[in-house]
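*Asks:* Mind having a look at this structure? Questions to follow.
The values are calculated or read from the model by the stated rules, or taken from the named source; none is laboratory data. Here the structure is a predicted model, which is why all the values come from computation and not from measurement. Note that we place each Cβ from the backbone using ideal geometry, even for glycine, and neighbour counts take in every protein chain shown.
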Amino acid sequence: MCGITGYIGGRQAAPVLLGALEKLEYRGYDSAGVAILEEPGGRLFVRKAEGRLQALAGLLARETPRGALGIGHTRWATHGEPSDDNAHPHTDLSGKIAVVHNGIIENYAPLKEWLQARNVVFKSDTDTEVIVHLVDYYHREDAGRSGIFGAVKKALRRLEGSYALAVISSDFPDRIIAARKDSPLIIGLGQGENLLASDAPALLAHTKTVLYLEERELAALYRDHADVFNEDGERIIRRPETIEWDNESAEKGGFAHFMLKEINEQPRALGNTLRPRLKQAADGALDIHFDELAGAALAEAKRIVITACGTAYHAGLLGKFLFEGLARIPVEVDIASEYRYRNPLSAPGDLFIVISQSGETADTLAAMRLAKKAGGRVIALTNVIGSTLAREADFTVNTLAGPELAVASTKAFTSQLMCLCLLALSLGRDRGRIKGGEFQRLVRALQRIPDQAGDILAKQETVQKFAARHFNKNKVFFMGRQADYCVSMESALKLKEISYTHSEAFAAGELKHGPIALVDPGTLVAAFATQDALFDKIVSNIREATARGAKALVITWEGERAFNAAADEVFFIPKTETPFSPLLSIIPAQLFAYYCAVQKGNDPDKPRNLAKSVTVE
Ligand code: M6R
């Protein structure tokens with residue numbers, strides 16, 4: 001949603017904060033701001049600017065503040081339109097206290113009334129502003145005796161909702177106070193300096209040693225140390241952890257956008273996901289083993305329930321085909337925001353798989369907590385070690401895709417799929433559904449996937465040229481059958497979120513039951529065809545669309561001729577085992593979405609109205 005950061009140390013805070021905000025901008029980019037304690041003078045220097053981070057950088061270039069303590073924010077608006085006034089940091093009436101916040105204060109309206117009744121005049125329409133006035137209120141109430149930490153602690157007791165926040169006060173020039181509830185916050189420990197951020201990439205240029213703040217905890221950051229406290233203000237000993245990602249993997253590395261880089265990283269990411277889980281015996285036979293699932297008793301599950309949002313939900317839908325097809329175990333898949341409110345039935349023996357790239361999606365976390373409350377065993381499939389999901393689940397499978405910064409998820413999706421393929425295969429073997437020879441054949445097929453993904457990427461110019469011809473279609477429909485239908489859903493999501501083209505996915509057989517009414521000469525229909533037994537049906541569905549003036553693209557196996565006559569264009573992917581086709585067939589669709597967005601002049605990394613990590617409901 002929003003990104004927050006903070007710095008205290010011996011260097012100038014402004015460039016450090018701007019650098020961190022640049023890394024956090026994917027979380028929100030409608031306005032940004034900083035508050036820096038000026039030296040000399042000891043006053044708070046606050047600058048905020050509507051729009052992208054460059055607007056704030058421009059302000060700071062003209063008027064560079066000197067000071068080695070500060071906080072920063074990049075915003076994705078929830079309460080109050082994007083504007084200079086609504087941008088963070090927010091300050092109290094005296095201008096001595098400043099707050100940055102990620103999350104939503106659900107009871108801000110009664111708190112605002114309560115504060116207004118005490119003569120507080122609000123300067124913004126945000127929910128966040130109540131926090132700074134509450135801190136000021138409690139600071140003054142006890143004449144500053146319990147310090148800024150005590151005032152923040154008391155203010156937090158009044159808040160309902162979610163927050164990761166950082167507070168500074170010119171009366172306490174040696175510290176930053178931070179706190180979290182239902183929003184992520186990481187403290188970076190440096191040499192003679194300490195930092196905080198919503199996400200690890202913002203810290204990597206400075207340190208890899210971090211403290212993860214847990215639910216309802218507070219922290220006080222000083223130049224030479226950082227203390228963690230529970231909500232009652234009692235000290236907690238927290239062991240520092242090391243982030244494995246390097247700074248380089250969070251850079252664009254010569255690509256025009258993070259999204260293009262991340263699409264092109266898929267061969268490596270898929271290999272990284274696969275390799276640690278494959279074991280080879282002396283006779284060359286391959287085996288699958290998830291060390292992290294020791295004791296999870298997967299094979300005893302009577303049913304698997306998968307919950308997730310967005311792209312991760314699409315991975316979950318494909319997981320159903322994999323687990324039901326390969327391991328013959330019933331699977332239910334639910335959108336997390338639906339699952340949490342539908343009073344779901346659960347039974348002993350249910351195994352929950354909760355999928356989330358960020359591990360911080362509010363709805364997904366709520367679904368996981370519900371599943372745990374019902375007594376279920378929860379396996380988290382996530383890309384962020386140390387995320388809330390990873391820490392709260394019973395078991396965590398790391399997808400190992402590396403940092404994904406573009407808002408549109410690509411390599412995280414295929415790595416999630418790779419994990420699901422491996423899990424389904426090993427479960428199929430453990431349940432006696434897949435025998436030795438077949439198991440070996442399937443595992444070897446998975447082993448070839450990273451190279452095959454590379455083969456598709458080697459032809460990306462074909463997709464680029466196709467996008468140049470079709471980017472201005474007013475409608476793009478993706479269709480397919482079985483797993484190809486789920487790939488269509490993911491393709492439509494990708495295209496709509498970054499190119500803003502109206503795009504839908506249909507189960508191909510459903511076209512004639514209604515959606516065909518939408519097809520006209522301005523429509524592009526893209527059909528996925530990897531289910532060999534259903535090729536004739538897909539040909540008929542394509543003809544239904546082209547007969548109404550639509551242009552048709554087919555994505556199918558290398559060398560397949562079944563669609564040559566019916567389609568305007570055929571894009572080929574290398575042949576793999578049918579259950580694994582989504583790992584490859586999605587790649588041309590990701591590229592198509594990317595190139596359409598670029599053709600339209602959109603920024604694919606920062607699409608309008610979206611944020612990478614949806615940490616509010
Ligand atoms: O971090 P998560 O995987 O939990 O995020 C879930 C969705 O918000 C995410 O997949 C979203 O749909 C992406 N923007 C899709 O590209």
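*Asks:* Please go through (1) surrounded by 17 or more Cβ atoms within 10 Å (Cβ to Cβ); (2) away from the ligand (no atom under 16 Å from the Cβ); (3) closer than 30 Å to residue 258 by Cα for residue 336 and return the number of the only condition it doesn't satisfy.
*Replies:* (2)
*Asks:* If I ask for residues that are within 11 Å of the ligand (Cβ to nearest atom) and either of a type in the set (Gly, Ala, Ser) or in a loop (DSSP other than H, G, I, E, B) (or both), which ones from the stretch 585-604 would you list?
*Replies:* Within the stretch 585-604, 593, 604 qualify.
*Asks:* Determine the pairs where a residue that is under 30 Å from residue 407 (Cβ atoms) and outside the structural domain of residue 396 (by TED's automatic domain parsing), located within the stretch 291-315, has a partner that is within 16 Å of the ligand (Cβ to nearest atom) and in a strand (DSSP E or B) with Cβ atoms under 7 Å apart, the partner being 6 or more residues away or on another chain.
*Replies:* Cβ pairs passing all conditions: none.
*Asks:* For residue 445, indicate whether it is outside the structural domain of residue 23 (by TED's automatic domain parsing) and either in a loop (DSSP other than H, G, I, E, B) or over 19 Å from residue 289 (Cα atoms) (or both).
*Replies:* no
*Asks:* Output the residues belonging to the stretch 533-584 that are in a helix (DSSP H, G or I) and of a type in the set (Lys, Arg).
*Replies:* 537, 543
*Asks:* Here's another thing I want to ask about it. For residue 56, indicate whether it is under 30 Å from residue 404 (Cβ atoms), in contact with a Ser or Thr (Cβ under 9 Å, 6 or more places away or on another chain), without any contact (Cβ under 8 Å) to a residue 40 or more places away in the chain and buried (at least 24 other Cβ atoms within 10 Å of the Cβ).
*Replies:* The answer is yes for residue 56.
*Asks:* Take the residues in the stretch 30-81 that are basic (Lys, Arg) and not in a strand (DSSP E or B), then tell me which one is farthest from residue 605 (Cα to Cα).
*Replies:* Within the stretch 30-81, the match that is farthest from residue 605 (Cα to Cα) is 43.
Every residue, every condition in (1) within 12 Å of the ligand (Cβ to nearest atom); (2) free of Cβ contacts under 8 Å to residues at least 40 places away in the same chain, yes or no:
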residue: 382; (1), (2): yes, yes
residue: 385; (1), (2): no, no
residue: 394; (1), (2): no, no
residue: 409; (1), (2): yes, no
residue: 418; (1), (2): no, no
residue: 424; (1), (2): no, no
residue: 435; (1), (2): no, yes
residue: 438; (1), (2): no, yes
residue: 442; (1), (2): no, no
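Here's the yes/no breakdown for (1) crowded, with 20+ Cβ neighbours inside 10 Å; (2) of a type outside the set (Asp, Glu); (3) in contact with a helix residue (DSSP H, G or I) (Cβ under 6 Å, 6 or more places away or on another chain); (4) modelled with pLDDT under 95:
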residue	(1), (2), (3), (4)
438	no, no, no, no
467	yes, yes, yes, no
488	yes, yes, no, no
500	no, yes, no, no
521	no, yes, no, yes
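*Asks:* Does residue 535 count as without any contact (Cβ under 8 Å) to a residue 40 or more places away in the chain and of a type in the set (Phe, Trp, Tyr)?
*Replies:* For residue 535, the condition - without any contact (Cβ under 8 Å) to a residue 40 or more places away in the chain and of a type in the set (Phe, Trp, Tyr) - is met.
*Asks:* Would you be able to say whether some residue in the stretch 313-328 is within 16 Å of the ligand (Cβ to nearest atom) and in contact with a Ser or Thr (Cβ under 6 Å, 6 or more places away or on another chain)?
*Replies:* No: zero hits.
*Asks:* Which condition number does residue 402 fail, the rest of (1) within 13 Å of the ligand (Cβ to nearest atom); (2) part of a loop (DSSP other than H, G, I, E, B) being met?
*Replies:* (1)
*Asks:* Collect the residues in the stretch 112-128 that are polar (S, T, N, Q) and either surrounded by 14 or more Cβ atoms within 10 Å (Cβ to Cβ) or in contact with a Pro (Cβ under 8 Å, 6 or more places away or on another chain) (or both), keeping them in residue-number order.
*Replies:* Result: 124, 126, 128.
*Asks:* To continue, here is another question. Could you list, in sequence order, the residues of the stretch 280-339 that are of a type in the set (Val, Ile, Thr) and either on the phi > 0 side of the Ramachandran plot or assigned to a helix (DSSP H, G or I) (or both)?
*Replies:* Residue satisfying the conditions is 311 alone.
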